[in-house]
Structure formats: structure tokens, C-alpha cells
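One structure is given here, and the rest of the page talks about it.
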Amino acid sequence: MTKLNLKPKDFLVILTGAGISAESGIKTFRDSDGLWENHSVEEVATPEGFANNPILVWKFYKERYYQALSVSPNPGHIALVDLEKKLNKNFLLVTQNVDGLHDRAGSKSVIEMHGSLNTCFCTNCKKKELMSDVDLNPDIPICSACGKMLRPDIVWFGEMPYRMNEIYKALDKATVFMTIGTSGNVYPAANFIAYVRNRGARTIGVNLEKPENMAYIDEFFQGKAGDILPSIL
Ligand code: APR
């Protein structure tokens, strides 16, 4: 397969989605017909869903947390670690995934724009805690500082993704942009590719199926990220 031939002065921004973790054994959202492990997005991925039924939402994210801990990074994650070592500072990995697998693989410059299963925060005093430090036995875990309800540190629909300023600063410098394993239909992430391409950056896509924002991809590699990334990078 053709190599990407990135140059030392390239600045690369990568966006990953559920597809890169599929080969680790975590289901993508599309797999489940708009349901996420048999729950509707409204039930488990909106502030209203949490307000209606915090016990159900906590049960759901505890399960996702334990599931993510039980799987391992795959060759796709690892190829991105090796790539970062080559590009050093000229590299940013933005992920929509909350499973922490990029971090566990060893990626350093990572922004988890939709939050993380590995942390939670207090609905009252906003203190952030590691899930591994929290007593997860109660139906609704409690803040160690103020005793109020904790919530998963997940950016739900209707909430603002994290670190958007840093992301756009990197997009403004990017000479190459890669989108990997994401269906390209959840905004604002789905828009990054159009933004960088309008600035003249080279765009590359790696995906099992053609994503919604296919029109903005200059070079497309169709297939599994775990097969393709190690061979093109
Ligand atoms: N390698 C590469 N791509 C894959 C693989 C694989 N092994 N398996 C599946 N894919 C592709 C699918 O073809 C699909 O286009 O990954 C994409 C996964 O799409 P989604 O399930 O929609 O996931 P994602 O794009 O990450 O969702 C974005 O939506 O629900 C919200 O906030 C949640 O972060 C999530 C966001």
C-alpha cells in the first residue's frame, strides 16, 4: 500500500472516532442502529437523560468504564503512537472516543474532545475525580469534597466539546489532516476537515465505509484502521 510520505515540516492533526476502537472490541455507535448498547442517545447521552434517571445513566457509564478497562489498544492505536514519535511536536491527536485507548497505547498529544470514561466530576462543586479513586458501589457515586452527586465526564449531546480553542489553533497550523474511523455526522468534529481543506491542507481518510464528509477527503483508504494504518504510516 502507498505510504503517506509525511514531511518533517508537516503539522498533522488527526481526528479519530469509534471505528479505531472497533478492532479492540468496542462497538461503534453505527453498529447499533442509533442505539448505544441498547439505549437511546436521549436516555444516556443528554443532560436531560441524566436529570430524568441518574441511576440508569450511571449504571450505563460504569459498564462502559469496566468494558474499556477490559480491552486493549490495537495496531491502529499503536501506529499513531509511532507516528507521533516521528513528528514530535508537529502532531495533535483529537479523539471523539471516551475509552482512553489512545492514552493507554502511549499517545502523548491527545485531546479527548468528548470527555473520558476514566474521570467524572461533581454536579455541585465541579471537582474532577478519577473513576479509579471513586467508590462506584453506590447507584450514584458521591463527591469526596462536598458529598453531592458526581456525573460521568462525558460531553453529552447539547454540551460544548472540550478544548475547542486548542483544537482550532492546531487546525489553523495543520498542513495535513487525517480522519480515522468516524462517520462524519457529529458536529463540530465532522466539520474540522472542511475547515482545514479550505485553508489548503492535504486531507486523508481511513474508514470502513465512506463517511458523510467524503467530499472533503483527498486520499481515501477504505478498510480497517488496524490493517491500514500500520501499512501507510
Ligand atoms: N476501521 C476503520 N473504520 C471503522 C472500523 C474499523 N475497524 N469499524 C468501523 N469503522 C467506521 C464505520 O464505517 C463508521 O463510519 O467507523 C465509523 C464509526 O462511526 P460512528 O459509530 O458513528 O462513531 P463516531 O463517528 O465516532 O461517532 C461520533 O457520535 O454518538 C456520538 O459522541 C459520540 O463520539 C461519538 C460521536
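Against the definition (within 24 Å of ASN88 (Cβ to Cβ) and at pLDDT 95 or above), how does ILE193 come out, yes or no? Full working, then the answer.
Numbers: within 24 Å of ASN88 (Cβ to Cβ): yes; at pLDDT 95 or above: yes.
Judged against the criteria, ILE193 is a match.
Take the residues in the range 91-105 that are in a helix (DSSP H, G or I) and open to solvent by 10 Å² or more (accessible area, probe 1.4 Å), then tell me which one is farthest from VAL155 (Cα to Cα). Walk me through it before giving the result.
Of the residues in the range 91-105, the ones in a helix (DSSP H, G or I) are 101-105.
Checking the rest, the ones that are also open to solvent by 10 Å² or more (accessible area, probe 1.4 Å) come to 103-105.
Numbers: ASP103: 18, ARG104: 20, ALA105: 22 Å.
Only one residue fits best here, namely ALA105.
Taking into account only those residues within the range 38-65 that are open to solvent by 50 Å² or more (accessible area, probe 1.4 Å) and closer than 29 Å to GLY76 by Cβ, which is farthest from the ligand (Cβ to nearest atom)? So that I can check it myself, show each step before the final result.
Step one: filter the range 38-65 for residues open to solvent by 50 Å² or more (accessible area, probe 1.4 Å), giving 38, 42-43, 48, 51-53, 55, 59, 63.
Still in the list and also closer than 29 Å to GLY76 by Cβ: 38, 63.
On the way: ASN38: 14, GLU63: 16 Å.
Looking at residues that are open to solvent by 50 Å² or more (accessible area, probe 1.4 Å) and closer than 29 Å to GLY76 by Cβ, I get GLU63.
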- State which residue is nearest to LEU80 (Cα to Cα) when the search covers only the range 185-205 and only residues that are within 10 Å of the ligand (Cβ to nearest atom) and in contact (Cβ under 8 Å) with a residue 40 or more places away in the chain. ALA189
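Looking at the range 6-23 only, could you name the residues that are surrounded by fewer than 18 Cβ atoms within 10 Å (Cβ to Cβ) and modelled with pLDDT of 95 or more? Reasoning before the result, please.
Just the residues of the range 6-23 that are surrounded by fewer than 18 Cβ atoms within 10 Å (Cβ to Cβ), to begin with: 7-10.
Matches in the range 6-23: ASP10 only.
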- When you look at LYS27, is it over 23 Å from LYS148 (Cβ atoms), within 13 Å of the ligand (Cβ to nearest atom) and open to solvent by 40 Å² or more (accessible area, probe 1.4 Å), yes or no? yes
- Message: Among the residues that make up the range 75-84, is at least one of them within 16 Å of the ligand (Cβ to nearest atom), in contact with a Lys or Arg (Cβ under 8 Å, 6 or more places away or on another chain) and over 25 Å from GLN222 (Cβ atoms)?
- Response: no
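Can you name every residue in the range 157-188 that is among the polar types (S, T, N, Q), open to solvent by 20 Å² or more (accessible area, probe 1.4 Å) and under 16 Å from the mean Cα position of the chain (by Cα)? Talk me through it step by step, then tell me what you get.
Filtering the range 157-188 down to residues among the polar types (S, T, N, Q) leaves 165, 175, 179, 182-183, 185.
Still in the list and also open to solvent by 20 Å² or more (accessible area, probe 1.4 Å): 165, 175, 183, 185.
Answer for the range 157-188, where residues must be among the polar types (S, T, N, Q), open to solvent by 20 Å² or more (accessible area, probe 1.4 Å) and under 16 Å from the mean Cα position of the chain (by Cα): SER183, ASN185.
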- Task: Give just the number: which of (1) touching a residue at least 60 places away in the same chain (Cβ under 8 Å); (2) away from the ligand (no atom under 13 Å from the Cβ); (3) more than 23 Å from MET131 (Cβ to Cβ) does LYS89 not satisfy?
- Result: (1)
- For the range 132-233, please list each of the helices (runs of 4 or more DSSP H) lying entirely inside it that holds at least 2 residues being of a type in the set (D, E, K, R) and more than 23 Å from ASP31 (Cβ to Cβ). 164-173
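Just for the range 189-233: of the residues that are aromatic (Phe, Trp, Tyr) and open to solvent by less than 60 Å² (accessible area, probe 1.4 Å), which one is farthest from LYS169 (Cα to Cα)?
So in the range 189-233, the residues aromatic (Phe, Trp, Tyr) come out as 192, 195, 216, 220-221.
After this cut, where a residue has to be open to solvent by less than 60 Å² (accessible area, probe 1.4 Å) as well, the list is 192, 220-221.
Values: PHE192: 12, PHE220: 25, PHE221: 27 Å.
Going through the qualifying residues, I end up with PHE221.
The values are calculated or read from the model by the stated rules, or taken from the named source; none is laboratory data. From a predicted model like this one, the values you see are computed outputs, not experimental measurements. Virtual Cβ from ideal backbone geometry, glycine too; neighbours counted across all protein chains shown. All accessible areas refer to the heavy atoms of the entire protein, side chains included, with ligands and DNA or RNA removed. Shrake-Rupley method; radii C 1.70, N 1.55, O 1.52, S 1.80 Å.
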